[in-house]
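Reading through the structure tokens given below for one structure.
The numbers here are math on the coordinates, done by the rules we state, and not lab data. Only a predicted model underlies this, so the values are computations on that prediction, with no experimental measurement involved. Here the Cβ positions follow ideal geometry from the backbone for every residue, glycine too, while neighbour counts run over all protein chains shown.
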Amino acid sequence: VYNGHPLMPRVTGLGCTATALTAAFASVNHDYLEAAAGAMAIMSIAGELAARNCRGPASFEVAFLDWLYRLSPKEISARLKIK
């Protein structure tokens, strides 16, 4: 997964979010590597979009959660960078 933003590891709780999303993806896709890659792809795209209008880690966190909610399949397809 080649998406993401440097603020992501600086925000408390994003590791827990990664775990929760990975578990959710793994509950519907038993190819666990594919499930984990999908979860991280969604997180990293939301992180890139959140970083566009944030002023620091706190506003980034709120924007990140908003983008997790707002992401559409069309937006994911347009922005996904994965090998």
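Structure above, values below:
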| read-out | value |
| --- | --- |
| Scan of region 51-60 for residues that are in contact with a helix residue (DSSP H, G or I) (Cβ under 7 Å, 6 or more places away or on another chain) and either over 16 Å from K81 (Cβ atoms) or not in a helix (DSSP H, G or I) (or both), ordered by number | N53, C54, P57, F60 |
| Check on S27, of a type in the set (G, A, S), free of Cβ contacts under 8 Å to residues at least 40 places away in the same chain and in a helix (DSSP H, G or I) | yes |
| Qualifying residue in region 34-47 (condition: loosely packed, with under 15 Cβ neighbours inside 10 Å and outside any loop (DSSP other than H, G, I, E, B)) | yes |
| A41 being of a type in the set (A, V, I, L, M, F, W, C) and in contact with a Phe, Trp or Tyr (Cβ under 8 Å, 6 or more places away or on another chain) | no |
| Cβ pairs under 7 Å, 6+ apart, first in region 31-45 and touching a residue at least 12 places away in the same chain (Cβ under 8 Å), second hydroxyl-bearing (S, T, Y) | A35/T22; A36/T22; A39/T22; M43/T17 |
| V11, sole failed condition from (1) surrounded by 14 or more Cβ atoms within 10 Å (Cβ to Cβ); (2) over 11 Å from the mean Cα position of the chain (by Cα); (3) of a type outside the set (K, R); (4) within 16 Å of K81 (Cα to Cα) | (4) |
